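One structure, pasted below without further comment.
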């Protein structure tokens, strides 16, 4: 999670993560971010044994400072912990996950919803992808769209007003 914007990236899903798997996910993140990786200054992580020296090297080679939180201190990484709580309560605890592919598809759908539509108090009720400089025009019509396999609905202002019924057809 990018703390400043609250943007979440789902890198991979596995039932049995290993140090090699975590290191590969770090490489994938660097590749996906491309030039944006240069804008990151810190990585906050826990002390799990899966985060080896090889994992750390991927970030330190880009000039990113690694900060390890103290053992058994989830409050030191509150943004990530809050996302995990949200994704469990709003999504995965309400579904029977069939396999890795189903879990990955569900998590990606939830992340799209989280990044595009879920308001955050720390961002003045804006979603991570919302531009704070854009003020939406008020409309009277709202449209509903299913976001995460029927669990979450998103509501949007309609892009155009419904057409008036001609007077002669009334």
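Need pairs with beta-carbon distance below 7 Å; first residue under 16 Å from residue 119 (Cα atoms) and within the stretch 144-170, second modelled with pLDDT under 75 and surrounded by 10 or more Cβ atoms within 10 Å (Cβ to Cβ); sequence gap 6+ or separate chains.
157/139
Another question, then. Report, by residue number, each residue of the stretch 85-106 that is closer than 14 Å to residue 1 by Cα and surrounded by 13 or more Cβ atoms within 10 Å (Cβ to Cβ). Walk me through how you get there before you give the answer.
The first filter runs over the stretch 85-106 and keeps only residues closer than 14 Å to residue 1 by Cα, leaving 85-87.
Once the filter is applied, which keeps residues that are closer than 14 Å to residue 1 by Cα and surrounded by 13 or more Cβ atoms within 10 Å (Cβ to Cβ), the stretch 85-106 yields 86, 87.
Still on this structure, I have one more. Quick check on my filter: what residues within the stretch 33-52 are closer than 21 Å to residue 18 by Cα and in a loop (DSSP other than H, G, I, E, B)?
Here is the first cut: in the stretch 33-52, the residues closer than 21 Å to residue 18 by Cα are 43-52.
Selection gives 46, 47, 48, 49, 50, 51, 52.
Residue 128 - would you say it is touching a residue at least 40 places away in the same chain (Cβ under 8 Å) and either in contact with a helix residue (DSSP H, G or I) (Cβ under 8 Å, 6 or more places away or on another chain) or over 21 Å from residue 2 (Cβ atoms) (or both)?
On the way: touching a residue at least 40 places away in the same chain (Cβ under 8 Å): yes; either in contact with a helix residue (DSSP H, G or I) (Cβ under 8 Å, 6 or more places away or on another chain) or over 21 Å from residue 2 (Cβ atoms) (or both): yes.
For residue 128, the condition - touching a residue at least 40 places away in the same chain (Cβ under 8 Å) and either in contact with a helix residue (DSSP H, G or I) (Cβ under 8 Å, 6 or more places away or on another chain) or over 21 Å from residue 2 (Cβ atoms) (or both) - is met.
Considering every residue within the stretch 62-84, establish whether at least one is touching a helix residue (DSSP H, G or I) at 6+ places or on another chain (Cβ under 6 Å) and under 15 Å from residue 8 (Cβ atoms).
yes
Same structure again: Filter the stretch 6-20 down to residues that are without any contact (Cβ under 8 Å) to a residue 40 or more places away in the chain and either surrounded by 14 or more Cβ atoms within 10 Å (Cβ to Cβ) or under 29 Å from residue 121 (Cβ atoms) (or both), then give me how many there are.
Taking the stretch 6-20 and keeping what is without any contact (Cβ under 8 Å) to a residue 40 or more places away in the chain, we get 11, 16-20.
When the remaining residues are screened for being either surrounded by 14 or more Cβ atoms within 10 Å (Cβ to Cβ) or under 29 Å from residue 121 (Cβ atoms) (or both), the result is 11, 19.
Matching residues across the stretch 6-20 total 2.
The values are calculated or read from the model by the stated rules, or taken from the named source; none is laboratory data. What you see is a predicted model; the values in this text were computed from it and never measured. Cβ coordinates were reconstructed from backbone atoms using ideal geometry, including for glycine residues, and neighbour counts include every protein chain displayed.
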